[in-house]
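These notes are about the structure you will find just below.
Since every read-out is calculated from the coordinates, none of them should be taken as a lab result. Here the structure is a predicted model, which means the values were calculated and not measured. Note: ideal-geometry Cβ built from the backbone for every residue, glycine included; neighbour counts use all protein chains shown.
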Amino acid sequence: MFQIFLLSFAVTASADKMSPFIVGGNEVSIKDWSFIAFVQITDGSNVAACGGSLLSSQTVLTAAHCLDDFTEKKKVKGITFTIYMGHSSFAKATMTRSVLDYESHKYYSPDSEIVQFDIGIMFLSRPVKFGSKVIKTILQPKFSATVDKKLAVAGWGYTDIDELTGAVSDRLKAVVMRPISSKICKLQTGIICTQTQNEFPYNGDSGGPLVNAKTHLQVGIVSFREMHTGISAFTSVPHYWDWINKAQLKLYKRFCIKGK
């Protein structure tokens with residue numbers, strides 16, 4: 001049974017659902033992670049958090065469970081998604097945007113016991129301005145499925161698995177990880193696995209980018225963690241490259257092309 005904590009601060013998720021944040025690791029500069037975004041999800045008095053990465057001036061890549069698990073029938077009505085960018089402390093963000101709508105993979109299901117197709121794209125209310133050096137789009141690999149031996153993942157969130165004693169990080173943190181071949185990865189296509197016991201993404205990092213530590217090409221999206229094995233799973237960006245392009249185009253046609 002997967003233990004997946006739905007990356008939330010106040011929203012209580014199903015006991016079987018995971019939420020990633022950075023446990024361990026080190027504080028990092030936003031200049032090295034200029035494409036990363038903090039995603040706040042609000043539903044009245046409830047607040048949850050995820051990560052994301054800027055694909056373009058108006059699209060943000062994240063995990064499907066950061067979207068569909070909080071909405072009904074893939075509609076944003078009644079739910080507010082706010083994107084914070086440009087500072088290592090999300091509370092001091094230099095740019096914020098709301099979300100008009102999103103696309104998630106049609107085969108992702110919040111009710112499934114096995115997390116699959118965990119990928120989504122949000123469409124922002126206004127284009128992001130790239131005049132600042134600390135806000136840029138993520139560098140994406142095109143068709144290469146090769147995963148480097150040294151990866152890095154970053155995010156904001158609890159710094160301890162015990163949320164009663166741990167605290168949310170005020171600053172962006174990152175941890176270096178290495179890919180492994182595991183039973184989970186062999187049983188499911190389209191995911192990348194790492195295994196660590198002391199440093200890993202945890203509550204609040206879901207949807208955030210897993211990158212090549214040297215080139216910062218994004219190879220994955222934080223998805224879930226098996227607590228008893230120490231395996232963290234990431235949705236593979238190269239595997240879903242065609243889906244990403246088609247979903248972006250669908251969103252742009254919906255909002256940017258007259259008559260659509």
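May I ask you to derive the FRET efficiency for Gln188 and Lys250 from their Cβ-Cβ distance with R0 = 22 Å, giving the value to the nearest 0.05? Here the calculated transfer efficiency is 0.30.
Set the Förster distance to 30 Å, then compute FRET efficiency between Trp243 and Ser29 from the Cβ-Cβ distance, nearest 0.05. Efficiency at R0 = 30 Å is approximately 0.45. Which residues among region 193-222 fall inside the zone where the amide N is under 16 Å from a point 7 Å beyond the Cα of Thr229, along Cα→Cβ? Hits in region 193-222 for Thr229 at 16 Å: 193-197. Converting phi to 3J(HN,Hα) with the Karplus coefficients 6.51, -1.76 and 1.60 and the offset θ = phi - 60°, region 85-102 yields 9, x, 8, 5, 10, 4, 5, 10, 3, 8, 8, 10, 9, 8, 10, 7, 6, 8 Hz in sequence order, with x at every glycine or proline.
Using DSSP to call loops (not H, G, I, E or B), can you name the GluC sites (Glu not before Pro) in region 66-137 whose Cβ has at most 12 other Cβ atoms within 10 angstrom?
Sites meeting the loop and neighbour criteria: Glu113.
Compared with the direct C-alpha span, the chain from Lys149 to Ser45 gains 33.2 nm at full extension, assuming 0.36 nm per residue.
With R₀ set to 35 Å, the beta-carbon distance separating Ile257 from Asn198 gives a calculated FRET efficiency near 0.10.
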